[in-house]
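Colleague: To start, I am sharing the structure in question, which I have written as structure tokens.
What follows is calculated from the coordinates using simple rules that are stated; it is not laboratory data. Keep in mind that this is a model prediction, so the values were computed, not measured. Glycine also receives a Cβ, built like all others from the backbone with ideal geometry; neighbour counts cover every protein chain displayed.
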Amino acid sequence: MSGIREICFDTETTGFHAKGDDRITELGCVELIDMLPTGRQYHAYLNPQRDVPEKVTQITGLTTEFLKQNGKLFEQVASEFLEFVGDSKLIAHNANFDKSFINAELEKSGFPTFSDDRFIDTLQMAREQFPGSPASLDALCKRYNISLSSRDKHGAIVDSELLAEVYLQLKGGRMRNLDLGSGQSPDITSITKNETKERPSPLLCNLTGDQVRSHKKYIESLGEKMVWNKYWR
């Protein structure tokens with residue numbers, strides 16, 4: 001498939017400290033071509049090998065027991081995750097957070113980490129476009145009238161799908177994609193201009209004779225080189 005390939009991705013974690021003992025619990029990726037989802041996705045539940053705090057369970061719905069039974073170790077999914085993302089740009093909301101956890105897991109599993117230039121941060125994009133306004137993913141969905149009905153709890157795939165819609169809007173919306181993929185620029189020569197047509201008869205002058213003479217005197221006072229003089233001679 002031709003076009004620009006990018007990956008919207010999100011992680012759910014046990015906490016905020018990637019360099020501490022917090023781990024990824026869920027990983028979700030959505031493939032974009034020319035900023036539009038293709039339907040290809042990658043998803044995995046991960047066993048963090050530690051307890052999931054109750055506050056985190058309230059947000060994500062993921063429990064320690066569920067992840068023990070259904071989650072894999074990151075090292076078991078690392079290869080298929082890396083194969084899915086390939087060399088595409090990685091789009092995340094608050095990318096520094098997700099980048100720190102992904103790189104921590106890659107490093108622990110003996111894989112090369114991602115460089116900073118692999119990431120596009122939609123949080124930073126939103127702050128630049130709407131300075132001083134709320135820039136959370138929920139706030140941007142509300143700004144762009146993107147439905148949150150698909151989300152009961154925070155989940156990596158659902159949030160990646162929402163992020164894909166937000167990213168498209170931040171980049172200019174669907175109208176921006178009308179000519180992508182054609183390999184050609186829009187034919188602006190085909191746009192017709194509204195030509196001014198001459199009136200069949202001139203409009204009647206509503207000025208009095210005194211007003212015409214007064215205006216002519218004012219034009220003459222501006223000097224011989226003024227362009228208006230040619231319309232009064």
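Colleague: So if we plug the beta-carbon distance of Glu83 and Ile59 into 1/(1 + (r/R0)^6) with R0 = 25 Å, what FRET efficiency do we get, rounded to 0.05?
Modeller: On the way: r = 30 Å, r/R0 = 1.18.
E(calc), rounded to 0.05, equals 0.25.
Colleague: Follow-up. Subtract the Cα-Cα distance of Phe66 and Asn145 from 0.36 nm times their separation in residues, and report this length gain in nm to one decimal. Each step should come with its number before you reach the end.
Modeller: Values: separation 79, 0.36 × 79 = 28.44 nm, distance 3.35 nm.
Roughly 25.1 nm would be gained on extension.
Colleague: With a ≥ b ≥ c the root eigenvalues of the C-alpha gyration tensor of segment 40-99, is it rounded (a/c under 1.5), prolate (a/b larger than b/c) or oblate? Numbers along the way, then the final one.
Modeller: On the way: a/c = 2.47, a/b = 1.48, b/c = 1.67.
It is oblate, given that a/c is not under 1.5 and a/b is not larger than b/c.
Colleague: Grab the Cα-Cα distance for Phe130 and Glu75, subtract it from 0.36 nm times how many residues apart they are, and report the gain in nm with one decimal.
Modeller: Numbers: separation 55, 0.36 × 55 = 19.80 nm, distance 3.91 nm.
The Phe130-Glu75 span can extend by a further 15.9 nm.
Colleague: Sort His43, His93 by Cβ crowding within 10 Å, fewest neighbours at the top. List each step's numbers first, then the result.
Modeller: On the way: His43 16, His93 25.
Neighbour counts put them in this order, fewest first: His43, His93.
Colleague: Among the listed pairs Lys89/Lys153; Lys55/Lys108; Lys89/Lys142; Lys19/Lys99; Lys108/Lys171; Lys55/Lys89, which have their C-alpha atoms separated by more than 23 angstrom in this model?
Modeller: Details: Lys89/Lys153 27 Å; Lys55/Lys108 26 Å; Lys89/Lys142 26 Å; Lys19/Lys99 12 Å; Lys108/Lys171 35 Å; Lys55/Lys89 32 Å.
As for pairs spanning more than 23 Å Cα to Cα, those are Lys89/Lys153; Lys55/Lys108; Lys89/Lys142; Lys108/Lys171; Lys55/Lys89.
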